[in-house]
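The values are calculated or read from the model by the stated rules, or taken from the named source; none is laboratory data. Source: prediction; values computed, not measured. So basically every Cβ, Gly included, is an ideal-geometry build from the backbone, and we count neighbours across all protein chains shown. Ligands, DNA and RNA are excluded from the accessible area calculation, which covers all protein heavy atoms including side chains. Shrake-Rupley method; radii C 1.70, N 1.55, O 1.52, S 1.80 Å.
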Amino acid sequence: MDRRIALGLMAAGGLSGMVGGMRPVWAQTAAGETADLAPELLQDFTMGDPNAPIKVTEYASFTCPHCADFHTDVFKELKANYIDTGKVFFTYREVYFDGIGLWAAMLARCAGPERYFGFVDTYYSARDSWLSDRDPAVIADNLRRIGRVSGMSNDSIEACLQNKPLAEALVAAYQKNSAADGIEGTPSFIIDGERHSNMAYKAFATLLDAKLAAK
């Protein structure tokens, strides 16, 4: 897993070099700048009532096809029936198996907390569109387009995509959290402290109902 993260960062660094044809800002940042990052750029993003009886944390990658299937086929029902009804407090955590996934996460975070889950929905529902080309430069432009549609300025997009301290801080947090929770694949779920792999809605609902009944 560490090797895949390293490869992802290398890919992300390559993308940063394409920004505006300029020397990557990543090459210009000094050590210790991570401490200057706004807290909202590094926070966990959540849905639902923090006092809900069940806590669910999803680990997922924006480039993972199984994660896209989960969010298009399962998550809407899960949200409507368990999160919105106060039964589940949901936390979403990004997994960085590649540079593109890291890049997408950075852009979603830079857009602001109120727009974060809109980016998540777009990444998964339009996955076949923005990831349709294997050329990293084309994918980077697709991400820029998503950012502009959301209301981000070109300057804020470029600054975000070249933010090395943010990238490093996100990867460090991912490494710490995934190691603590034993995450090896995506999507994975921590449900009241227990790790579970991907599952269909019926299986998810059955598991949650059993936990609710035992509370």
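Contact map, region 145-174: first residue touching a residue at least 12 places away in the same chain (Cβ under 8 Å), second residue among the small types (Gly, Ala, Ser) and surrounded by fewer than 20 Cβ atoms within 10 Å (Cβ to Cβ), Cβ cut-off under 7 Å, separation 6 or more or different chains; pairs are Ser150/Gly118; Glu158/Gly20.
Okay, residues lined up against (1) over 16 Å from the mean Cα position of the chain (by Cα); (2) within 27 Å of Glu114 (Cα to Cα):
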| residue | (1), (2) |
| --- | --- |
| Leu143 | no, yes |
| Ser153 | yes, yes |
| Val171 | no, yes |
| Ile183 | no, no |
| Ile191 | yes, yes |
| Lys211 | yes, no |
| Ala214 | yes, no |
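Just checking, does region 165-182 include any residue being assigned to a helix (DSSP H, G or I), open to solvent by 20 Å² or more (accessible area, probe 1.4 Å) and in contact with a Ser or Thr (Cβ under 7 Å, 6 or more places away or on another chain)? Looking through region 165-182, at least one residue is assigned to a helix (DSSP H, G or I), open to solvent by 20 Å² or more (accessible area, probe 1.4 Å) and in contact with a Ser or Thr (Cβ under 7 Å, 6 or more places away or on another chain). Go over the candidates Pro113, Pro136 one by one and state the one that is more than 17 Å from the chain's Cα centre (by Cα), in contact (Cβ under 8 Å) with a residue 24 or more places away in the chain and open to solvent by 40 Å² or more (accessible area, probe 1.4 Å). After ruling out the rest, the residue left standing is Pro136. Taking the criterion of being among the basic types (Lys, Arg) and either surrounded by 14 or more Cβ atoms within 10 Å (Cβ to Cβ) or closer than 14 Å to His66 by Cα (or both), the only residue of region 183-205 that qualifies is Arg195. Residue check: Val149 meets all listed conditions (1) more than 19 Å from Cys64 (Cα to Cα); (2) touching a Cys at 6+ places or on another chain (Cβ under 9 Å); (3) among the β-branched types (Val, Ile, Thr) but one, namely (2). Based on this model, can you work out whether Arg127 counts as under 18 Å from Phe62 (Cα atoms), among the charged types (D, E, K, R) and either without any contact (Cβ under 8 Å) to a residue 60 or more places away in the chain or surrounded by fewer than 16 Cβ atoms within 10 Å (Cβ to Cβ) (or both)? So Arg127 fails the test. Arg127 meets each of the listed conditions (1) at pLDDT below 95; (2) basic (Lys, Arg); (3) more than 16 Å from Cys67 (Cβ to Cβ) apart from (3).
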